[in-house]
Amino acid sequence: MKTQYILLIVVMVALFIAPFVISPSAEYSGADSAVEELISNQGYEPWFSPIWEPPSGEIESLLFALQASIGAIIIGYFVGFEKGKKAKK
Amino acid sequence: MHIMEGFLPHPWWEIWWMISIVIVAYGVYRLSKVTKKLPEAKPLLALMGAFIFVLSALKLPSVTGSCSHPTGSGLAAVIFGPVIASVLSMIALLFQALLLAHGGLTTLGANTFSMGIVGPVVAYLIWVVSRKARLPTSAGIFLAASLGDLFTYVTTSAQLALVFPTAAGFFDAFLKFGAIFAITQIPLAIGEGILAIFLFDFLAKYKGQLLATMKVISLPITAHEQEGKE
């Protein structure tokens, strides 16, 4: 693998480890919900609620994983297909 | 960047819906034209949709001590143009609104506007400028993808500040929302830029001919040309 790629991967991994080093005791909740809270504190009541909500955190992470894996399968298929095609030639 | 279900009152949610639906409709039209003219671009389209799916599902930690997710829509905009990226983004957002209670149906218009329209337009413009300025391809892709990501969150902050200004006004609220959204997003945007480089490099190497036909890149002088032909 090219050196630049390795370097970029190192940078990326460092980027997502850094938060835990800088603020180990933070909550790491979603920025979305932080904003939601900020607005709710102003006294705003949402006028519509989701028609369906994942019944638990587990189900929610299941569906998030499903979303990511659908994408990952397609990317992996595409990359493998193109590489294989080139190798055949 | 998800504005939660019900958090945009009348008339705002209708306004964003109207703007987004017009652009997404145009995107669908462009999409059918591209796939008709260039059927071999279809797998690439699926790939771009998949990239958005993966990236918008990953909630990553940031230095601010909270989590957020990248968008992935910038790369789609570079390759297919911003309005097609709008369509792909809306599909991912709809999935999240229906199955994850993340974002919502009433706010789908506003969320499509930030992630599917402003982000991609910014990414596309930066890409075009970087080409004109003869920046290296990787630098152009990195800037396009990461700034498209960042501006998505800047847009969300502005959208919320319009509806929920503080006593000190719109700008004060914009900074407050921006402090949560945009600052958190900076390291994530850098990460997205790096991932976009990886995928684009692969495409330039294996699909160079197709990208050249789509006028994304001008034909490389390398030997990749022959095998790109199919």
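How high is the relative contact order of chain B, in percent, counting Cα pairs under 8 Å that sit 6 or more residues apart?
22
Return the loop-located chymotrypsin sites (Phe, Trp or Tyr not before Pro) in the range B:75-162 (DSSP other than H, G, I, E, B) with at most 11 other Cβ atoms within 10 Å of their own Cβ; answer none if there are none.
none
Give me the Kirkwood hydrodynamic radius of chain A in Å, from all C-alpha pairs, to one decimal place? Can you show the working numbers first?
Working: mean 1/r = 0.0556 Å⁻¹.
Hydrodynamic radius (Kirkwood, Cα only) of chain A equals 18.0 Å.
Over the Cα atoms of chain B, what Rg and Dmax result, in angstrom?
17.8, 63
Which of A:E37, A:E53, A:E27 moves most in a GNM of chain A, Cα contacts under 10 Å?
Ranking A:E37, A:E53, A:E27 by mean-square fluctuation puts A:E27 first.
Please arrange A:E82, A:E45, B:E192 by counting, for each residue, the other beta carbons lying within 10 Å of its beta carbon, fewest first.
In increasing order of surrounding Cβ atoms, one gets A:E45, A:E82, B:E192.
Could you give the distance between the Cα centres of the range B:117-169 and the range B:1-56, to the whole Å?
Cα centroid of the range B:117-169 versus Cα centroid of the range B:1-56: 16 Å apart.
To the nearest µm²/s, what D does Stokes-Einstein give for the protein assembly as shown at 10 °C and 1.306 mPa s, using the Kirkwood radius over alpha carbon pairs as Rh? Walk me through the intermediate numbers first.
Working: Rh = 20.1 Å.
Estimated diffusion coefficient is 79 µm²/s.
Filter the chymotrypsin sites (Phe, Trp or Tyr not before Pro) in the range A:1-80 down to the DSSP loop ones having no more than 16 other Cβ atoms within 10 Å, then list what survives.
Within the range A:1-80, the qualifying chymotrypsin sites (Phe, Trp or Tyr not before Pro) (loop, at most 16 other Cβ atoms within 10 Å) are A:Y28, A:Y44, A:W47, A:F48, A:W52.
Please arrange B:D149, A:D32, B:D172 by how many other C-beta atoms lie within 10 Å of their C-beta, fewest to most.
B:D172, A:D32, B:D149
Within 10 Å of each Cβ in peptide B:115-128, how many partner chain Cβ atoms are there on average? Round it to a whole number, please.
Mean inter-chain Cβ contacts per residue within 10 Å come to 0.
Which aspartates and glutamates, if any, have their Cα less than 14 Å from the Cα of B:K59, not counting same-chain residues under 8 positions apart?
Cα-Cα hits under 14 Å: A:E27, A:D32, A:E60, B:D149, B:E192.
Counting only trypsin sites (Lys or Arg not before Pro) that sit in a DSSP loop (anything but H, G, I, E, B) with at most 16 other Cβ atoms within 10 Å, what is the longest stretch of chain B containing none of them?
B:1-133
Given the convex hull of the Cα atoms of the range B:10-142, what is a quarter of its surface area in nm²?
9.5
What angle, in degrees between 0 and 90 and rounded to the nearest 10, separates the Cα long axis of helix A:3-22 from the longest principal axis of the Cα atoms of chain A?
Value to nearest ten degrees: 20.
Could you pull out every whole DSSP H run in chain B that spans at least 24 Å of Cα extent along its own axis and averages -0.5 or higher on the Kyte-Doolittle scale?
The answer, listed by residue number, is B:12-37, B:82-99, B:137-163, B:170-206.
Using 19 Å as the Cα-Cα cut-off, could you pick out the over-long pairs in A:K89/B:K207; A:K88/B:K207; A:K85/B:K205; A:K85/B:K36?
A:K85/B:K36
Could you list which residues have their amide H under 5 Å from that of A:G30, counting only those 5 or more apart in sequence or on another chain, with H placed in the peptide plane?
Result for A:G30 returns B:C67.
Please report, in debye to the nearest 20, how large the charge dipole of the range B:12-228 is about its Cα centre when each Lys and Arg carries +1 at its beta carbon and each Asp and Glu carries -1 there.
It comes to approximately 480 debye.
Using only DSSP helix segments of four residues or longer, with each worth -39500 (n - 2.57), what per-residue ellipticity at 222 nm results for chain A after dividing by its residue count and rounding to 500?
Using -39500 (n - 2.57) per qualifying helix, the result is -24500 deg cm²/dmol.
Taking every residue in B:92-104, how many Cβ atoms of other protein chains lie within 10 Å of its Cβ, on average?
Mean shielding count: 5.
Any chance you could give the angle, 0 to 90 degrees and rounded to 10, that helix A:57-88 forms with the longest Cα principal axis of chain A?
20
For chain B, what is the mean residue ellipticity at 222 nm derived from helices alone (per DSSP H run of n ≥ 4: -39500 (n - 2.57); sum divided by total residues; nearest 500 deg cm²/dmol)?
When only DSSP H runs of four or more count, the value is -23000 deg cm²/dmol.
Rank the residues B:M48, B:M18 as a footprinting-exposure proxy: fewest other Cβ atoms within 10 Å of their Cβ go first.
Listing B:M48, B:M18 from fewest to most nearby Cβ atoms yields B:M18, B:M48.
Just to confirm the number: angle between the C-alpha axis of helix A:31-41 and the first principal axis of chain A, 0 to 90 degrees, nearest 10?
10
Here, each number is a calculation from the coordinates, and none is a lab measurement. Owing to the predicted nature of the structure, the values given are computational and were not obtained by experimental measurement. Counting neighbours? That spans all protein chains shown, and the Cβs are built from the backbone with ideal geometry, glycine included.
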